[in-house]
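Below: one structure, written as structure tokens.
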Amino acid sequence: MKIIGFIETSLLDWDGHIVASIYLPGCNFRCPYCHNKNVVLNPDSFDEVPLEHIESYISENKDFLDGIVVSGGEPTMHEDLPDLLKKIKRTGLKVKLDTNGTNPNMLGSLISENLVDYIAMDVKAPLNQKYSDIAGVEVKLDNIKRSIDLIEASGIDYEFRTTIVPILLSEDDVLSIISELAGSKKYALQQFRPDYTLDPALSELKPYQSEIIMNLADSAQKTIKTVTIRGDV
């Protein structure tokens, strides 16, 4: 497996945890607001980070690290992801996985093998045709639904999260997502960042006003246990 990025210390990638973050190349989505566009479009342009370097860093610093985040791109595209997670778990650190939920078979296997301690799944849109419109590719909604169900029933910690992008998601769209996730443990509303987007046209788009984001969070709190807002609001 090629690793294209490694952040030695982060306080942002896992709420309440000090972590190191590993980035894997490639993604099966083409979300226009994505700010990792080179990871998505040009994964071969990155130099490889040797796994030995990462293992050495973890070994020397695991006393102050709470865990390791594995992100991308979309990590579950890689068939050897379980092998990477097994190596991390042998260090005794917890693992957080970021995913778009398109590979429920992989998620189910990782959960059953106790290779993940926390899953953060992006829910891009309401579970209808708009999902494919926003993802930029045709999405099998059954896979998204299966992943949501698997994660909710897993017994491990998790969150669902949505990036709130004007013109792509209306307030009613977000309310629909909230309804579909009713009863979940945690939901994060992420403010859109107009910098360095996959679609350059979105770089001129103004994020939703803070009042709108706050109102959506208030609505989510009625049916979801923990609701958080990320980004400048």
Could you figure out which of (1) farther than 18 Å from GLU74 by Cβ; (2) out of contact with any Asp or Glu (no Cβ under 6 Å at 6 or more places or on another chain); (3) assigned to a loop (DSSP other than H, G, I, E, B) isn't true of PHE29? (1)
Restricting region 91-101 to residues that are buried (at least 23 other Cβ atoms within 10 Å of the Cβ) and not acidic (Asp, Glu), the residue that is farthest from the chain's Cα centre (by Cα): VAL95
Please work out which residue is farthest from the chain's Cα centre (by Cα), limiting yourself to region 102-118 and to residues that are under 11 Å from PRO75 (Cα atoms) and not aliphatic (A, V, I, L, M). ASN103
Looking only at region 113-149, filter to residues that are open to solvent by less than 10 Å² (accessible area, probe 1.4 Å), in contact (Cβ under 8 Å) with a residue 40 or more places away in the chain and not hydrophobic (A, V, I, L, M, F, W, C); which one of those is nearest to PHE160 (Cα to Cα)? SER147
Within region 40-56, which residues are out of contact with any strand residue (DSSP E or B) (no Cβ under 6 Å at 6 or more places or on another chain) and either within 18 Å of ASP13 (Cβ to Cβ) or in a helix (DSSP H, G or I) (or both)? VAL40, LEU41, PRO43, ASP44, SER45, LEU51, GLU52, HIS53, GLU55, SER56
Does PRO43 satisfy being surrounded by 15 or more Cβ atoms within 10 Å (Cβ to Cβ) and more than 22 Å from ARG230 (Cα to Cα)? yes
Among the residues of region 46-61, count how many are without any contact (Cβ under 8 Å) to a residue 40 or more places away in the chain and either in contact with an Asp or Glu (Cβ under 6 Å, 6 or more places away or on another chain) or open to solvent by 90 Å² or more (accessible area, probe 1.4 Å) (or both). 2
Give me the residue from region 170-189 that is assigned to a loop (DSSP other than H, G, I, E, B) and in contact with a strand residue (DSSP E or B) (Cβ under 7 Å, 6 or more places away or on another chain) and, out of that set, farthest from GLY155 (Cα to Cα). LEU181
If you go through region 3-14 one residue at a time, how many are open to solvent by 60 Å² or more (accessible area, probe 1.4 Å) and either among the hydroxyl-bearing types (Ser, Thr, Tyr) or more than 13 Å from the chain's Cα centre (by Cα) (or both)? 4
For residues that are in a loop (DSSP other than H, G, I, E, B), over 21 Å from ILE111 (Cα atoms) and open to solvent by 10 Å² or more (accessible area, probe 1.4 Å), tally how many sit in region 150-169. 3
Please enumerate the residues belonging to region 136-149 that are among the basic types (Lys, Arg) and outside any helix (DSSP H, G or I). LYS140
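The values are calculated or read from the model by the stated rules, or taken from the named source; none is laboratory data. Model, not experiment: these values are computed from the prediction. Please note: Cβ atoms are built from the backbone with ideal geometry, for glycine as well, and neighbour counts cover all protein chains shown. Accessible surface areas use protein heavy atoms only, side chains included; no ligands, DNA or RNA. Shrake-Rupley method; radii C 1.70, N 1.55, O 1.52, S 1.80 Å.
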